[in-house]
Amino acid sequence: MDTSKINHLFLRDNFLLGLNFTRDGIVPLRVLGREMIVYEYPAISKTNEGSRTTTGTVAADTFVSSSRLTFSEYNIDNALRVLDCNHVYQVFMGIKPSAIRQYLYYPSESSRRGLDVKPIFSKSPYGYLDGFESPYNAPSEQSEIFIPKGIDIGFAWYNPLSVAKQIDLNILVVKYLVKVVRDGDIVEGMIRGKTPARIATVGGITGESLGYNSRIVFNTDLIPFTATREDIESAISV
């Protein structure tokens, strides 16, 4: 896999990361370590085409509704589910064939990458990522997704071609070991933009709250960019 287009996005040990749930605030984290996992994945495990069942293909001019990435042979219902509170995944995907359109659902029941004037719908001419933008052997920055524990993501697919096609993904998962930052000075610097940190929007800039319970997962409250110092200290207290 060629990572030259995304190398600048990888976080190093001791870097600061703010997971930004835009309507509610950030979770301030410090990276303690990382490992990279690359694997190939057939995105569609089963699609019904009339009376036939074809494994791993999507029929011509067909939209396949949102679903998680599963490994049925291993009884895994979501290959990208984060199980450890101290882990965060940074995911990049290359897609083939190039014309195949991928639609992101984050969480798995909520569509993203939409315009304000109209939500994403089947075969939408916007709001998708395809293999031209994120080639199979060289995933692009546009494919980046951050996933913490407690959120399942899904993908819908559209094959605009005139023939059935197998959809394959080349996936890079950067798995980070993280801990919550509980130093009020550092957290205040992060939300004020005075301390170098990667602030990563999760779930898009939608109008609704994701309802993410950061207290259960990270034992801290979400911190709005408008938080006072008193708010910050209260949020990060154990």
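Can you say whether Tyr158 is more than 28 Å from Phe15 (Cα to Cα) and either touching a Ser or Thr at 6+ places or on another chain (Cβ under 8 Å) or surrounded by 14 or more Cβ atoms within 10 Å (Cβ to Cβ) (or both), as far as the supplied structure shows? I'd like the intermediate steps shown before the answer.
Working: more than 28 Å from Phe15 (Cα to Cα): yes; either touching a Ser or Thr at 6+ places or on another chain (Cβ under 8 Å) or surrounded by 14 or more Cβ atoms within 10 Å (Cβ to Cβ) (or both): yes.
Yes.
Does Ala79 fit the bill of being of a type in the set (Gly, Ala, Ser), in contact with a strand residue (DSSP E or B) (Cβ under 8 Å, 6 or more places away or on another chain) and crowded, with 17+ Cβ neighbours inside 10 Å? Lay out the reasoning, then the answer.
Working: of a type in the set (Gly, Ala, Ser): yes; in contact with a strand residue (DSSP E or B) (Cβ under 8 Å, 6 or more places away or on another chain): yes; crowded, with 17+ Cβ neighbours inside 10 Å: no.
Spelling it out, it is not the case that Ala79 is of a type in the set (Gly, Ala, Ser), in contact with a strand residue (DSSP E or B) (Cβ under 8 Å, 6 or more places away or on another chain) and crowded, with 17+ Cβ neighbours inside 10 Å.
So for segment 167-186 (the condition being in contact with a Lys or Arg (Cβ under 7 Å, 6 or more places away or on another chain), in a loop (DSSP other than H, G, I, E, B) and farther than 21 Å from Arg23 by Cα), does at least one residue qualify?
No: segment 167-186 contains no residue that is in contact with a Lys or Arg (Cβ under 7 Å, 6 or more places away or on another chain), in a loop (DSSP other than H, G, I, E, B) and farther than 21 Å from Arg23 by Cα.
If only one of Thr62, Thr57 is at pLDDT 90 or above, of a type outside the set (A, V, I, L, M) and closer than 19 Å to Gly154 by Cα, which one is it?
None of the others qualify; the one that does is Thr62.
Please go through segment 65-94 and give me each residue that is part of a strand (DSSP E or B), modelled with pLDDT of 95 or more and out of contact with any helix residue (DSSP H, G or I) (no Cβ under 8 Å at 6 or more places or on another chain), ordered by number.
Of everything in segment 65-94, those that are part of a strand (DSSP E or B), modelled with pLDDT of 95 or more and out of contact with any helix residue (DSSP H, G or I) (no Cβ under 8 Å at 6 or more places or on another chain) turn out to be His87, Val88, Tyr89.
Quick check, is Ile171 modelled with pLDDT of 95 or more, within 15 Å of Lys96 (Cβ to Cβ) and in contact with a strand residue (DSSP E or B) (Cβ under 7 Å, 6 or more places away or on another chain)?
So Ile171 fits the description; yes.
List, please: which pairs have Cβ atoms under 8 Å, are six or more places apart or on different chains, and start with a residue in segment 191-220 that is over 19 Å from Asp116 (Cβ atoms) and at pLDDT below 95 and end with one that is polar (S, T, N, Q) and not in a loop (DSSP other than H, G, I, E, B)?
Close Cβ pairs (under 8 Å, with a partner that is polar (S, T, N, Q) and not in a loop (DSSP other than H, G, I, E, B)) amount to Val202/Asn20.
Return yes or no: is Leu177 in contact with a Gly (Cβ under 6 Å, 6 or more places away or on another chain), of a type in the set (A, V, I, L, M) and buried (at least 20 other Cβ atoms within 10 Å of the Cβ)?
Working: in contact with a Gly (Cβ under 6 Å, 6 or more places away or on another chain): yes; of a type in the set (A, V, I, L, M): yes; buried (at least 20 other Cβ atoms within 10 Å of the Cβ): no.
Against the criterion (in contact with a Gly (Cβ under 6 Å, 6 or more places away or on another chain), of a type in the set (A, V, I, L, M) and buried (at least 20 other Cβ atoms within 10 Å of the Cβ)), Leu177 does not qualify.
Looking only at segment 184-212, count how many residues are surrounded by 14 or more Cβ atoms within 10 Å (Cβ to Cβ) and among the acidic types (Asp, Glu).
1
So which residues in segment 111-155 are assigned to a strand (DSSP E or B) and either surrounded by fewer than 17 Cβ atoms within 10 Å (Cβ to Cβ) or in contact with a Pro (Cβ under 7 Å, 6 or more places away or on another chain) (or both)?
The answer is Ser111, Leu115, Lys118.
The values are calculated or read from the model by the stated rules, or taken from the named source; none is laboratory data. None of these values were measured; they are calculated from a predicted model. Ideal geometry is used to build each Cβ from the backbone, glycine not excepted, and the neighbour counts take in all protein chains shown.
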